Structures are given as C-alpha cells and as structure tokens.
Amino acid sequence: MDESQLIARVRAGDSAAERALYDAHVDRVYRLAFRLAGDDALAQDFTQETFIRAFDRLGSFRGDAAFSTWLHTITTTVVLNGLRKVKRFRQREADIDDAHEIGVVQRHAEPDLKARLKQAIDDLPEGYRTVFLMHDVEGYTHEEIGVALGVETGTSKAQLSRARAKLRVALADFAGEWVR
Amino acid sequence: MMDQHEDPKFEQWLKDAARTTYHAPRTPPREEMWARIEAARRDKHVIELRPWLRWAVAAAAVLVLGIGIGRWSRNAPGGSKTAAGTQVSNEIDSLANVAYQVAATQYLSRTEAFLTSFRADANRSANTARLARQARDLLTTTQLMLDSPAADNPRLRALLEDLELVLMQISLLNPVQDGHDRDLITQGMNQSNVLPKLRSAIPAGPVPVRTEGAL
C-alpha cells in the first residue's frame, strides 16, 4: 500500500493505518526533535505533539508536497515553539537567581573538542542552528528545509553558509583536526 | 568558482563531528510514545475554547466588574425576577464562564511550561527551593481552579487533581536530597500522562493575557 492510500485510510478513521503512518515516520521526527532539543524527555514530548497535531489536521493535508515534508513542517514548528517556551521559562528562573550563581554557570571551562563543538552549535542564532542541524547533521535538502521553516531555499543556503563560517571561527583552535 | 568561505575539508569534518557527538539520538521509544499519543487523543478537548473566545477576552475582562455587580444585584434583597432580568443574568453567567475558561487556559499554559522545564531539568542541579516556591504558587492557583466553575467539567477536574498532586510533591522537595524524589515525581508524571493531557487541554495559539488574575 502506498502512502497516499495509507493517508486515505487514516482519514477514514482506520487506527491500524494511523499506527502504520506513525511507524513509517516516527524515527525521523524523533531524531530531528532530539537533535534540536538535546533532551530525551523533550524530544519525546515534541514527537508526540507532532503526531497528535498531524492526525488532527490530516484533513488539511492536500498532498501538494510529500507527507514527510508536511510532517516535518509541523515538527519544526512544535520543537522551535516548545524550545522558546522552555528558554523563556529558564530565563525567568535565571533572572530571579542571584548574580553569583549565574556567574559560576557561565564561567565553566570546556576544554575538549566535543564540549567546544556543542557550545559553538548552541551559541548559533536559532535560524542558523536549525538549518545547520537539519542539513549537515540530519541530511535534509534545502528545499525541504525551506518548506519546513517557511523560508526561501536561498535563505536556507545562506544561513547554512553563515552557520559554518561562525563554527569555523569558534573552532579555530582545532584547525589541525581538519587540515591534516 | 568556490566561495572564499567554502572549505570542503572543514565541512566534512564538521558534519562527521556533529553527527557523532552533538545530541546524538538514541533509539526512539516507539511504543511508549504511541501509548501517550493515543491517551492524549482520547483526552483531547478537555476544555473547548473556540477561536471567537480569544476575541471576546478583552470584552470579558472589562465585564468582570459587571459580572460582580450583576451577581450582587441578583442576590440583593428585593431583586426583581422578571423575564428580562433572567435573560440578563444568563448572559452574565455566560460571560463569567468565558472569563473562567480564559483564566484556566492561562493557568494551564504556565503549569505546562513549569512542568516541561521541571522534567527537562530533572538531572540538572536546578534550584530546588526555587522550584518548590514556583510549585507552591501554581498549587494555590490549582486549588482556586478546583473551587471555581472551571472544575465543573469532569475531565478538567481530573486533570486539575493530577496537577495538584504533582505540584504538591514538587513543593515538598527536600533541597538536601532531592534526586530520588525528582525521579519519582517524573516517573509519576509519565505514568499518568500529565503533560500530554495538559497540552491537549491548551488550545493552539497565543495565550490571552487580558484577564490575568481573573480568578
């Protein structure tokens, strides 16, 4: 059975078809959610929310783009909105903490490559980071990213280029790793 | 022509390093997630806030005072019981219900943000005293909600009771030795599907702010 038939059966209320559609896409949705969130509990929450919304709104899926593209549009919306919410909440927490505690957290030294790479990616602006993770890490095309994020393909390419440039500067100490 | 910023060696190294070290995902727990999705969809529409209600928020906020006056005058000695009076009081009750639902949505959104952050921070050294204080604040609102007309909806009442329990546990966290307690709270939240139920109770779209504190 091809995917359009599966979707038609889901629309008709077939719960087995819902599960089949979920099985076909859950790994990629979860992977993207985890890459962006960096936390298993959040990634699970975002994955669940993505599928709940997708099943609720399947009636609005017209089939102009691939189902996976439509689904990843929902995924990125759910994840980015969810992360902004968590970030705002944590920021409010930090604001009411004492200044000493914040200072200690910010002065942590991260000497090894893995930690420096993580910090450099975390420090990217949200748009650059999202495009970098989707393209270079998870293998999405610029066309898929453009649809998912609601931006032009050229914007996606430009953001990736800027993300790489920023990462190159941030990781300059490790230049020996890639020039050998 | 190659862009001056392009460096294929760096790009390949960066991809390989990021793929293997940055937030490398584990195998997704398919069955657990599917069970929660099914449960959340069953419990969906705990409260129904139709889109027009968001536009009614400002009006409802302005009329809160009117509701109070209306109730006061309805209960006042010698108040008339005419048909017109009954219609007005029904409309007042309807507006009061809108205000309660809006306030419920705001409260649920705040609680969702708090519990999401609590669960995500379960393994971090977050400030226990601060978490407990925030949980106490939300707990007070939860108990007010349980005493309000918003709790007339049996599903919303069940959700509020679940939240009351979780918030009570967090508010009692011991700052000295809280790691085990946090794990237990998180496990309890997962088992009772509190977060998916909470999320499905919150309508999509921006949370109205004009009636903050209406309860």
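The values are calculated or read from the model by the stated rules, or taken from the named source; none is laboratory data. None of these values were measured; they are calculated from a predicted model. Note: ideal-geometry Cβ built from the backbone for every residue, glycine included; neighbour counts use all protein chains shown.
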Pairs, first under 15 Å from residue B:12 (Cβ atoms) and at pLDDT 90 or above in region A:160-180, second β-branched (Val, Ile, Thr) and surrounded by 10 or more Cβ atoms within 10 Å (Cβ to Cβ), C-beta under 6 Å, six or more apart: A:160/A:131
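Across region A:33-68, what is the total count of residues that are within 9 Å of chain B (Cβ to nearest Cβ) and not basic (Lys, Arg)? Before the answer, list the steps.
Residues of region A:33-68 that are within 9 Å of chain B (Cβ to nearest Cβ), as a first pass: A:33-45, A:47-49, A:51-53, A:55-56.
Now restrict to residues that are not basic (Lys, Arg): A:33-34, A:36-45, A:47-49, A:51-52, A:55-56.
Going through region A:33-68 one residue at a time, the tally reaches 19.
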Residues of region A:1-22 classified as under 20 Å from the mean Cα position of the chain (by Cα) and more than 7 Å from chain B (Cβ to nearest Cβ), total: 0
Qualifying positions in region A:17-39 - more than 15 Å from residue A:6 (Cβ to Cβ) and buried (at least 17 other Cβ atoms within 10 Å of the Cβ): A:28, A:29, A:30, A:31, A:32, A:33, A:34, A:35, A:36, A:37, A:38, A:39
Region A:47-73 - residue that is touching a helix residue (DSSP H, G or I) at 6+ places or on another chain (Cβ under 7 Å), of a type in the set (Gly, Ala, Ser) and under 19 Å from residue B:41 (Cβ atoms) and, of those, surrounded by the fewest Cβ atoms within 10 Å (Cβ to Cβ): A:59
Residue check, residue A:14 crowded, with 17+ Cβ neighbours inside 10 Å and among the acidic types (Asp, Glu): no
Failed item, numbered, when residue B:156 is tested on (1) crowded, with 16+ Cβ neighbours inside 10 Å; (2) under 18 Å from residue B:117 (Cβ atoms); (3) touching a residue at least 40 places away in the same chain (Cβ under 8 Å): (2)
